[in-house]
Structure formats: C-alpha cells, structure tokens
Amino acid sequence: MSSSKICHDTSSPYYERTKNFKAYDSINACLDAGGRLPKGQKVPSARSYPELNSSNDYSRSAFASWIDEDGDCLNTRHELLLELSTGPTTKSSDGCRVLRGRWNDPYSGSVFLDSSKMDIDHLVPLAWAWRNGASSWSESERDRLANDPINLFAVSASLNRSKGAQGPDSWLPPNEKFHCQYVTRFYRVLLKYEFPEAVRSRAKATVNSKC
C-alpha cells in the first residue's frame, strides 16, 4: 500500500517505483486494510482460489473483500467508519474514503481521530469461522458474513492484529467493561449463521461466564 493508500501488486507498473509503502500478503489484504485500487483496475475475483476441501485449507479469498453495495463508491469499511463516527468526518477528494472522524474503540476504550489508525474487525474472525463450519457454506453465505455489520467493529488496528483469528475462549479485548457485550454479540453471529451446535454451545458457555 503506497502512502496515498493505493494498492499495487507485482503486475502494476508502479510496483517497483513505489518507495514509501506498507507491505501486505495480497491485494485483498491491502484492500481490507483500507487501501484502494489504481483507477480502472478491478477488484481481484474472490473466486480465483483453488478448491478448498478441509477446514485447514483456509484462504482469505474464500470470503468477499469489502464491497460497495449501494454503488456510492464507499465500500463496507468506509460506510462503517462514516456510520460509527461520533463527530464530523472528512472524506478524500473523490469522496470514496473516510479520512478523519471521531471513533470510540470498544476494544481499548480509547478515542481515535485518524481512520488510518483504525481497522474494521470481523468480530467472528473469518479464519476462525472457516475452521468452525464456514468451510462447508455456500460462497454467498461466506460473502454475507464478511460484510455483515453485525459482525464488524471499528477498532484499534494494533488490537485487531493482536487478536488475529482467535475466538473469545483465547482472546478478549483489554477493555474488561466490554467483555459481556463482546461475547454476547459473538454468540449472536453464531446464531445468525449456520455454525454447528457444538460451536454455539462453547460460545454460550463463554457468555454465561462473562455476563
């Protein structure tokens, strides 16, 4: 990701010429972190992954990247940043990205003003979901989970990355006041989607212990 938030892969003529950048494992990972593609370039197909046959064969491309469902050029990340800001927001010159606002991070209890410090976290991590039943879902169901607001929080980027693909039995936010709401909403997501009953039961036990 360049300093202007443009994502370039090895096929881009600017790949070798970009000196100030942040590296990501893939174009989709760069887009997930708030980047955008060069003008005229299309989002890589989420269907370009090989056949995945087991819960161990997780690939991020098995789930859709952020989408622009209403066609206003703001993808899911920026729609959520716009919605959750508790103060005035500033957008990029093209109106497609939210740059500044005022966000209350429930994971840390801190306030952030710069969107580059924020990640949109999948409350139920996609890799965790894959290992716990989503590997057998349809593509459309996985895509729905990846962009479902009930499964998304705007949080500190550093905390989101420390969480990784862990469930609530191994990771909880540092803000203890948010623990009950965190595990309860995690459980609500499991009820909304086709997770196995054993997986739901474990999450329910965590709710009982924290609320």
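Just wondering, is there one or more residues in segment 125-132 that are open to solvent by 40 Å² or more (accessible area, probe 1.4 Å) and in a helix (DSSP H, G or I)? Yes, segment 125-132 has at least one match. Restricted to segment 161-211, and to residues there that are within 20 Å of the chain's Cα centre (by Cα) and among the basic types (Lys, Arg), the residue that is farthest from residue 137 (Cα to Cα) is 161. Of the residues making up segment 138-156, those that are touching a residue at least 60 places away in the same chain (Cβ under 8 Å) and in contact with an Asp or Glu (Cβ under 9 Å, 6 or more places away or on another chain) number 4. On the stretch given as segment 62-98, residues that are over 14 Å from the mean Cα position of the chain (by Cα), among the aliphatic types (A, V, I, L, M) and open to solvent by less than 30 Å² (accessible area, probe 1.4 Å) total 2.
Take the residues in segment 21-48 that are open to solvent by less than 40 Å² (accessible area, probe 1.4 Å) and assigned to a loop (DSSP other than H, G, I, E, B); name whichever of them is modelled with the lowest pLDDT. Applying the filter and picking the extreme gives 46.
It is to be established whether one or more residues within segment 198-205 are small (Gly, Ala, Ser), open to solvent by less than 60 Å² (accessible area, probe 1.4 Å) and touching a Leu at 6+ places or on another chain (Cβ under 7 Å). For segment 198-205, residues small (Gly, Ala, Ser), open to solvent by less than 60 Å² (accessible area, probe 1.4 Å) and touching a Leu at 6+ places or on another chain (Cβ under 7 Å): present. In this entry, residue 18 is excluded by the filter for residues that are out of contact with any helix residue (DSSP H, G or I) (no Cβ under 9 Å at 6 or more places or on another chain), at pLDDT below 70 and hydroxyl-bearing (Ser, Thr, Tyr).
Failed condition for residue 107, given (1) open to solvent by 20 Å² or more (accessible area, probe 1.4 Å); (2) in a loop (DSSP other than H, G, I, E, B), with all others met? Result: residue 107 passes all but (1).
Taking the criterion of being in contact with a Pro (Cβ under 7 Å, 6 or more places away or on another chain), assigned to a loop (DSSP other than H, G, I, E, B) and at pLDDT 95 or above, would at least one residue in segment 176-187 satisfy it? Checked segment 176-187: no residue is in contact with a Pro (Cβ under 7 Å, 6 or more places away or on another chain), assigned to a loop (DSSP other than H, G, I, E, B) and at pLDDT 95 or above. Close contacts from segment 82-111, counting a first residue that is farther than 20 Å from residue 37 by Cα and a second that is among the basic types (Lys, Arg) and open to solvent by 40 Å² or more (accessible area, probe 1.4 Å), with Cβ to Cβ under 8 Å and a gap of 6+ residues or different chains, come to 85/102; 86/102; 87/102; 88/102; 89/100; 90/100; 109/177; 111/102.
Selection of segment 167-208 for residues being hydroxyl-bearing (Ser, Thr, Tyr) and either touching a residue at least 40 places away in the same chain (Cβ under 8 Å) or within 21 Å of residue 144 (Cα to Cα) (or both) yields 182, 184, 187, 193. How many residues are on the phi < 0 side of the Ramachandran plot and assigned to a loop (DSSP other than H, G, I, E, B) when one looks only at segment 53-98? Within segment 53-98, residues that are on the phi < 0 side of the Ramachandran plot and assigned to a loop (DSSP other than H, G, I, E, B) number 28.
Can you tell me which residues in segment 191-211 are among the hydrophobic types (A, V, I, L, M, F, W, C) and either more than 22 Å from residue 159 (Cα to Cα) or not in a helix (DSSP H, G or I) (or both)?
191, 195, 198, 199, 205, 211
The values are calculated or read from the model by the stated rules, or taken from the named source; none is laboratory data. This one's a predicted model, so the numbers in the text were calculated from it and none came from an experiment. Quick reminder, even Gly has a Cβ in these numbers, built from the backbone with ideal geometry, and neighbours come from all protein chains shown. Calculation scope for accessible area: heavy atoms of the full protein, side chains included, ligands and nucleic acids excluded. Shrake-Rupley method; radii C 1.70, N 1.55, O 1.52, S 1.80 Å.
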